[in-house]
Each structure stands twice: as C-alpha cells, then as structure tokens.
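Visitor: One structure coming up, written as structure tokens, with questions to follow.
The values are calculated or read from the model by the stated rules, or taken from the named source; none is laboratory data. None of these values were measured; they are calculated from a predicted model. Don't worry about glycine lacking a Cβ; one is built from the backbone with ideal geometry, like all the others, and counts go over all protein chains shown. These accessible areas exclude ligands, DNA and RNA; they are computed on the full protein's heavy atoms, side chains included. Shrake-Rupley method; radii C 1.70, N 1.55, O 1.52, S 1.80 Å.
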Amino acid sequence: MSVLGLDTSNYTTSIAWFNGTEGENQSQLLPVKPGELGLRQSDALFAHVKCLPDLADRLFSHVKTADIQVIGVSTRPRAVEGSYMPCFLAGVSQAETMASLLHVPVVQVSHQQGHLAAALWSADRMDIMNAPFLAWHLSGGTTELLYVKPDGWNMRCTRIGGTTDISAGQLIDRTGQMLQLQFPAGKELDRLSKEATDDSFFRVKCKGFQFSLSGVQNKVQEYYASTGSSVETAGYALRCVCRAVREATDQAKAAYPGLPVVFSGGVASNSMLREILSEAVFCPPQFATDNAMGVAVLTHRALGGV
C-alpha cells in the first residue's frame, strides 16, 4: 500500500512517495533574486507549476504508479478558519489531476500538519502522535508554539504561544539580507555563527509563552553597525532567537508538565537551537525544511497505516 504526497509551500515544491515504512521526497527550492526576501504569491504559484512535472518525473522514474492507492496534498498553511495562500493551489490542482488519472481518492491536510508528521516520522517518534504533545513550528512565515492532540489519523493543533509580530525565519532572513547573504539565509547564518566567539544576546521578554522579535531586529542592526562582523552578528541574531524560544518552551513545559516537545519547520534545522534545546525531539534537518513527506505519512495513516 503506497501513497503520494504533494506540498507547494511559499518557497519549496515537493512530492513524496511513502509505503508505510520507506519513503522518498523530491523537492526544489523556488528561485529568489539576490537581495530579495521571498516571492510574490503569483510568482510562487507560477514557479510551482513549472517545477512539479520535473519532480514527478524524477520520482516516477522508479516508483510504480500502479501501486499508488491515494494521493495526499496540503491545501492551506494551517488547519484554521481563514488560512489560505494561493501557492497551495498548484499542489491541489496536480493532486486532483493525478487522482483522476489513477482513479484514487485525495486526502487533504494542512502544511503545518505535514511539517509535524514529517518531523515525527523521520525522528522515529510516531508514537508521540498517540497522545497530546507540545510542538514548535518555526519557519520563514510562522513561529508558533502549539498544543497538539490526536484527531483520528491526523492531529489538531492549537496555538498557545509564539511571536506576536515577525517570525524567527523573517528575522533570520532579514539579518541575512543585511549581511548580503542569499535567501533563504538560514544555512549560511548557521555556518557563520559557528565561528562566533561573543556570547552576548538581547533577552526578549516572554509572557504567556509569547514574545516579540521586531525589537530584536533593531538590536541586530545596532550590533552589526557597532562590530561590522558578519560572523559575530550571525551568532548574536541566532542567540536572541534561540533564547526566546528556550524561555517560552520552559514556561510551556511548566504549564503542561510531562508533555514531549517537538520541533518542526526550517528554523528547526539550526544547530544552535538543537544544542540549546537538546532535550526536545528534533528530526534530521532535511525533514525540518518544507517537504511533502509528512503529507504522505498522514495520507498513509488515513488509509489505516503507520
């Protein structure tokens, strides 16, 4: 019993195959011009439409379509009322077309649910889905602390904390733009930070598991202006983010004692964050960033698997 999963997020096109044990994800980062911080939705949608045939060709060169029993797709950022982004229409259109061709049903999930499933599956911790847990979704557009509980084969995610303004990923990418790094800047900022020797950071006030990062952006700009060092600025920016997440996590663990904490989203691949919150559940970095693997895992669960 095998399934397909598709995810067309704001910056990555991906398609995955999963049979309940093994899986494969094919993905492509969307092109962003140097100096820019992302894409307009119309450009992202166009890029997804261009990327999907090539990714499907790579996957279907060795995956037998005759074995596919259902196709899953992410249809929106989060499973809440009003959550919508046009870029997901590319994946939905392709999923429905493939399903009609193969005479199989379509399963719909949210991008966020897919992120959590990919993290848990690749960390070999699918058991966590059977009871409530805490989770972070840290990405270019989202910094949310979630209370997650089982909902049949899927999960119900309730936001209980996170940022009140810009996301962790936005701060990281804006820092990268200031340092003239290519978007997205997460990997390069992570690499630079490993050479930093300063250990100072701006402590963000955290109340009720929530914090603001807009002020941190100003502090990072001031730090760079005073030091002129890309290496030290990368370390400073990441320490500010990681320490804010650490404090909110500690508050949440005290309020929800005994619940495991799971990290998902592209920022969750950061090495400093993994060191500072080493007791939490992290997945391999390639499954922290946007991918369709989690969509495929949830789709398989919908059929009664995993």
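Visitor: State yes or no: is Thr163 among the polar types (S, T, N, Q), under 28 Å from Val220 (Cβ atoms) and open to solvent by 10 Å² or more (accessible area, probe 1.4 Å)?
Guide: On the way: among the polar types (S, T, N, Q): yes; under 28 Å from Val220 (Cβ atoms): yes; open to solvent by 10 Å² or more (accessible area, probe 1.4 Å): yes.
Spelling it out, Thr163 is indeed among the polar types (S, T, N, Q), under 28 Å from Val220 (Cβ atoms) and open to solvent by 10 Å² or more (accessible area, probe 1.4 Å).
Visitor: Another question about this same structure. Hey, could you check the range 196-233 for residues that are in contact (Cβ under 8 Å) with a residue 40 or more places away in the chain and farther than 30 Å from Tyr147 by Cα and say which is most open to solvent (accessible area, probe 1.4 Å)? Walk me through it before giving the result.
Guide: We begin by selecting, within the range 196-233, every residue in contact (Cβ under 8 Å) with a residue 40 or more places away in the chain; these are 196, 199, 201, 203-204, 206, 208-214, 216-217, 220-221, 224, 230, 233.
Next cut, farther than 30 Å from Tyr147 by Cα only: 196, 199, 220-221, 224, 230, 233.
Working: Ala196: 26, Asp199: 118, Val220: 2, Gln221: 84, Tyr224: 65, Ser230: 39, Thr233: 0 Å².
So the residue we want is Asp199.
Visitor: Quick one: Val32 ticks every box in (1) farther than 28 Å from Trp121 by Cα; (2) not in a loop (DSSP other than H, G, I, E, B) except a single one, so which number is it?
Guide: (2)
Visitor: For the range 62-71, what are the residues that are among the hydrophobic types (A, V, I, L, M, F, W, C) and either closer than 15 Å to Asn25 by Cα or modelled with pLDDT of 95 or more (or both)?
Guide: From the range 62-71, those among the hydrophobic types (A, V, I, L, M, F, W, C) are 63, 66, 68, 70-71; that's our starting set.
Answer for the range 62-71, where residues must be among the hydrophobic types (A, V, I, L, M, F, W, C) and either closer than 15 Å to Asn25 by Cα or modelled with pLDDT of 95 or more (or both): Val63, Ile68, Val70, Ile71.
Visitor: Scan the range 285-292 and give yes if some residue there is open to solvent by 10 Å² or more (accessible area, probe 1.4 Å) and touching a Phe, Trp or Tyr at 6+ places or on another chain (Cβ under 8 Å), otherwise no.
Guide: Yes, some residue in the range 285-292 is open to solvent by 10 Å² or more (accessible area, probe 1.4 Å) and touching a Phe, Trp or Tyr at 6+ places or on another chain (Cβ under 8 Å).
Visitor: Of (1) assigned to a strand (DSSP E or B); (2) over 27 Å from Arg78 (Cα atoms); (3) β-branched (Val, Ile, Thr), Ile160 satisfies all except one. Which?
Guide: (2)
Visitor: A further question on this structure: What tally of residues in the range 62-77 results from selecting those that are touching a residue at least 40 places away in the same chain (Cβ under 8 Å) and open to solvent by less than 70 Å² (accessible area, probe 1.4 Å)?
Guide: Count: 8.
Visitor: Of the conditions (1) within 21 Å of the chain's Cα centre (by Cα); (2) not in a helix (DSSP H, G or I), Val92 clears all except one; give me its number.
Guide: The failed condition is (2).
Visitor: Go through (1) surrounded by fewer than 17 Cβ atoms within 10 Å (Cβ to Cβ); (2) touching a residue at least 24 places away in the same chain (Cβ under 8 Å); (3) not in a strand (DSSP E or B) and name the single condition Asp124 misses.
Guide: (2)
Visitor: Looking only at the range 102-110, decide whether some residue is of a type in the set (A, V, I, L, M, F, W, C), open to solvent by less than 30 Å² (accessible area, probe 1.4 Å), within 30 Å of Ser42 (Cβ to Cβ) and part of a strand (DSSP E or B). First the steps, then the outcome.
Guide: Quick first cut of the range 102-110, residues of a type in the set (A, V, I, L, M, F, W, C) only: 102, 104, 106-107, 109.
From what's left, open to solvent by less than 30 Å² (accessible area, probe 1.4 Å): 104, 107, 109.
Remaining after also requiring within 30 Å of Ser42 (Cβ to Cβ): 107, 109.
Restricting the remaining residues to those that are part of a strand (DSSP E or B) gives 107, 109.
Checked the range 102-110: at least one residue is of a type in the set (A, V, I, L, M, F, W, C), open to solvent by less than 30 Å² (accessible area, probe 1.4 Å), within 30 Å of Ser42 (Cβ to Cβ) and part of a strand (DSSP E or B).
Visitor: For the range 169-187, does any single residue satisfy the condition of being under 20 Å from Leu134 (Cβ atoms) and either modelled with pLDDT of 95 or more or of a type in the set (A, V, I, L, M, F, W, C) (or both)? Please lay out each step first, then the result.
Guide: Residues of the range 169-187 that are under 20 Å from Leu134 (Cβ atoms), as a first pass: 169.
So of that shortlist, the ones also either modelled with pLDDT of 95 or more or of a type in the set (A, V, I, L, M, F, W, C) (or both) come out as 169.
Looking through the range 169-187, at least one residue is under 20 Å from Leu134 (Cβ atoms) and either modelled with pLDDT of 95 or more or of a type in the set (A, V, I, L, M, F, W, C) (or both).
Visitor: Which residue, of Leu55, Leu59, Leu39, Leu30, is open to solvent by less than 50 Å² (accessible area, probe 1.4 Å) and at pLDDT below 95?
Guide: Exactly one residue qualifies, and that residue is Leu39.
Visitor: Then there's this: Which one of these is open to solvent by less than 10 Å² (accessible area, probe 1.4 Å) and not hydrophobic (A, V, I, L, M, F, W, C): Gly265, Gly258?
Guide: On the way: Gly258 fails: open to solvent by less than 10 Å² (accessible area, probe 1.4 Å).
Every option except Gly265 fails the conditions.
Visitor: Please specify each residue of the range 6-19 satisfying the condition of being part of a loop (DSSP other than H, G, I, E, B), touching a Ser or Thr at 6+ places or on another chain (Cβ under 8 Å) and either among the aromatic types (Phe, Trp, Tyr) or open to solvent by 10 Å² or more (accessible area, probe 1.4 Å) (or both).
Guide: Going residue by residue through the range 6-19, those that are part of a loop (DSSP other than H, G, I, E, B) are 9-11, 19.
Applying the additional criterion that residues be touching a Ser or Thr at 6+ places or on another chain (Cβ under 8 Å) yields 9, 19.
Once the filter is applied, which keeps residues that are part of a loop (DSSP other than H, G, I, E, B), touching a Ser or Thr at 6+ places or on another chain (Cβ under 8 Å) and either among the aromatic types (Phe, Trp, Tyr) or open to solvent by 10 Å² or more (accessible area, probe 1.4 Å) (or both), the range 6-19 yields only Asn19.
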